[in-house]
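Report on the following structure.
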Amino acid sequence: MAEQQSAESGRVEHATIGRLKEAFAGQGLKVSEYRGDTTVVVPAEKLHEVMTFLRDDGESKYDFLSDVFGVDYLNYPKAEARFGVIYNLVSYKFNRRLFVKVLLNPTLDTTGIEEDPALHLDSVCDLWPGAEWNERETFDMFGIRFDGHPDLRRILTWEDYPAHPLRKDYPLVGRGEREQYAVLDRESA
């Protein structure tokens, strides 16, 4: 049976959740459901272990990583952390989708490009090679580093870009980047 009905709430529980709760009992996993989508919040230090389980477990078989993206929860009501990294997993065998979220809090001032030791996660490129570009984009836009990534460098901005532009404390008008561009006209191009 793909899904199980919870006796106390009458709600249908995602079939993978029982397997995860059994395999990672007492590991700090949190589960939420919103509009039919199930999200599991995983501690950062357990991410790679949980993702390996979800890919390799015979009753889970999440064989496709659809997306990896970052979220900045700055000034978000009741936010548990400043940043979130969300993984969108798909099991083609069982026709299921599961979101795995990791919450991170910076320990340094987050406005610059300095490396914050609290904003590190294990890369999942060894599990799903397609994560490479998505992790690079998350690093570029939010400053979250993925340890073990085969080529972690900026993907949308230049290497010496002075910030991470999708952070909510980044000014909407930028920090003078546009003023530094040389203006080209048809004759000089």
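The values are calculated or read from the model by the stated rules, or taken from the named source; none is laboratory data. Because the structure is a prediction, the values reported are computed rather than measured. Don't worry about glycine lacking a Cβ; one is built from the backbone with ideal geometry, like all the others, and counts go over all protein chains shown.
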Candidate set from the stretch 45-84 (those that are touching a helix residue (DSSP H, G or I) at 6+ places or on another chain (Cβ under 6 Å) and aliphatic (A, V, I, L, M)); member that is surrounded by the fewest Cβ atoms within 10 Å (Cβ to Cβ): Leu65
Meets criteria (at pLDDT 95 or above, in contact with a helix residue (DSSP H, G or I) (Cβ under 9 Å, 6 or more places away or on another chain) and aliphatic (A, V, I, L, M)) for Val90: no
Unmet criterion (only one of (1) surrounded by fewer than 17 Cβ atoms within 10 Å (Cβ to Cβ); (2) in contact with a His (Cβ under 8 Å, 6 or more places away or on another chain)) for Leu98: (1)
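Please go through the stretch 42-74 and give me each residue that is in a helix (DSSP H, G or I) and charged (D, E, K, R), ordered by number. Before you say what the answer is, go through the steps one by one.
Pass one, the stretch 42-74, residues in a helix (DSSP H, G or I): 44-56.
Selection gives Glu45, Lys46, Glu49, Arg55, Asp56.
Okay, residues lined up against (1) loosely packed, with under 14 Cβ neighbours inside 10 Å; (2) under 21 Å from Arg154 (Cβ atoms); (3) more than 16 Å from the chain's Cα centre (by Cα):
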residue	(1), (2), (3)
His14	no, no, yes
Ala23	no, no, yes
Asp109	yes, yes, yes
Glu114	yes, yes, yes
Asp122	no, yes, no
Glu132	no, yes, no
Extreme residue, farthest from Gly36 (Cα to Cα), among residues of the stretch 106-122 that are touching a residue at least 40 places away in the same chain (Cβ under 8 Å) and touching a Gly at 6+ places or on another chain (Cβ under 8 Å): Ile113
The stretch 93-105 residues that are within 24 Å of Gly58 (Cα to Cα), paired with ones that are of a type outside the set (A, V, I, L, M, F, W, C) and surrounded by 15 or more Cβ atoms within 10 Å (Cβ to Cβ) (beta carbon under 6 Å, 6 or more apart): Lys93/Lys61; Leu98/Thr16; Leu98/Thr38; Phe99/Thr39; Phe99/Asn88; Val100/Tyr87; Lys101/Thr39; Lys101/Gly84
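I'd like the residue in the stretch 1-39 that is assigned to a strand (DSSP E or B) and under 16 Å from Phe94 (Cβ atoms) and, out of all such residues, is modelled with the lowest pLDDT.
Kept after step one, since they are assigned to a strand (DSSP E or B), are these residues of the stretch 1-39: 4-5, 12-13, 30-34, 37-39.
Next, from what is left, pick out any that are under 16 Å from Phe94 (Cβ atoms): 4, 12-13, 37-38.
Values: Gln4: 50, Val12: 60, Glu13: 76, Asp37: 94, Thr38: 96.
Top of the filtered list is Gln4.
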Some residue of the stretch 78-100 being hydroxyl-bearing (Ser, Thr, Tyr) and part of a strand (DSSP E or B): yes
Within the stretch 106-157, considering residues that are of a type in the set (A, V, I, L, M) and not in a loop (DSSP other than H, G, I, E, B), the one farthest from Asp63 (Cα to Cα): Met141
